[in-house]
1. If I take R0 = 45 Å and measure r between the Cβ atoms of residue 438 and residue 269 in this structure, what FRET efficiency does the formula 1/(1 + (r/R0)^6) give, to the nearest 0.05?
2. For the pair residue 394 and residue 241, how long in nm is the line joining their label points, each one 7 Å along Cα→Cβ?
3. Highest first, please rank the peptides 254-267, 434-447 by the mean number of other Cβ atoms sitting within 10 Å of their residues.
4. More than 29 angstrom separation, counting every C-alpha pair in the chain; what % is that?
5. With 10 angstrom as the radius, rank 351, 176 by how many other C-beta atoms surround their C-beta, starting from the fewest.
6. May I ask you to derive the FRET efficiency for residue 21 and residue 426 from their Cβ-Cβ distance with R0 = 45 Å, giving the value to the nearest 0.05?
7. Quick check on the chain: of the DSSP beta bridges with both residues there, what percent are antiparallel, nearest 5%?
8. Among 49-56, 164-171, how do they line up by average Cβ neighbours within 10 Å per residue, starting with the highest?
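Readers should treat all values here as calculations from the given coordinates under stated rules, not as data from a laboratory. As the structure is a prediction and not an experimental result, all values here were calculated from the model. Glycine also receives a Cβ, built like all others from the backbone with ideal geometry; neighbour counts cover every protein chain displayed.
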Ligand code: UD1
Ligand code: CA
């Protein structure tokens, strides 16, 4: 952590090459918005109250992400270029002193250690500015680095402004800079728009600082994958794939078995315990935490949920914003959502849906059921085809089922409803009145037998 560093993340542009109504920096890779990745990196470098995201195109939407992450924002009303983007922060930042680090918001792979390396170089060389570069086989679109004889940087030439000869240069500007804040704010007003795009280029600060007598040095990074910038959806998919591959690789190295790892999608913040097994085509996203010795069956989707140890999820299940305690079983083809909760050892089977429902320890609902807005005690058996009728067309109502209740198959439980401990519901019942503990409730028409009826037909 560098206490006197201010980080500005450039995220004000529209990103026209994305062909999207959404700002480019809100597109997601590895399960996070591009700007969130940049904020994560910034947090590894500077204190959060010295991190600022430049917002412009759809400013409110991007600012909301910055606020949620606990960092500040700078409003760039009109997008007049990357130099103008930083300039818009003058009132907020010019008094802060120390270092000014600028990160492109569309380069989500950059790691804090690499930015720290940039700062080291800046300090060691006593430069007024330092930047990160790399060699690319195809440098199309990037700013090219022109070096001086002593190896220092002489200028950055934007693709559009470079001569055919300069375009042969393979060393590119990655979009990460460290400036001496005082020098930057002293000279930033010298930026002009006399370039093919008519923009205030941040990259022109290099030549400006050189002219003012400062050294400009560059950290050339060998692994260019960390510096990939995203300008279109093909590049977005490429970066997403790299991030996903790294995540599953790390999980495997940490003791998680992943079957056919190239088919699974696991977000960066997901945690999975040792000896758990993840089946092919699973998607595990958001802040999901999975315990040890679990099994997640093929093609299962788990989002923002918590699973204890020894949990078994059979294939094709979908679990979101829910909790599954140790030794519980789910699926195949089951759905849990909106705060559904299976207590220890509870089982739900095929085509069972739980919404805002808690199923107590050791309770079972094995086939075809909808259980919504309910609390269900321990050791309860919910028969096949049971439905909690929780919605009357206007309002949702609660169902409370005590411990040890037996609900016969195809029961219709009309909420609001209380069923006491140990009660027994006869199969095929429509239950509309409270059922006291330890009673049998039968709510169905009595069977009638008509003798000699068939021959008459
Ligand atoms: C920029 C660099 C280029 C470098 C490349 C690396 C400039 C002039 N060029 O080019 O040298 O090789 O990044 O990826 O800086 N933004 C704003 N406000 C604006 C314009 C842009 O906040 O007015 C933000 C964008 O949202 C984006 C970032 O700045 O996150 C970079 O902008 P982009 O247009 O993608 O720059 P490049 O053309 O890629
Ligand atoms: Ca870019």
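1. The formula returns an efficiency of 0.40 here.
2. For the pair residue 394/residue 241, the computed spacing is 5.6 nm.
3. Working: 254-267: 16.9, 434-447: 13.1.
The most tightly packed comes first, giving 254-267, 434-447.
4. Numbers: 61466 of 104196 pairs.
Tail of the P(r) past 29 Å holds 59 percent of the pairs.
5. Values: 351 17, 176 23.
Going from sparsest to densest Cβ surroundings: 351, 176.
6. On the way: r = 56 Å, r/R0 = 1.24.
That pair, residue 21 with residue 426, gives E of 0.20.
7. Looking only at bridges with both residues in the chain, the antiparallel portion is about 20 percent.
8. Values: 49-56: 23.8, 164-171: 12.2.
The peptides rank, most packed first, as 49-56, 164-171.
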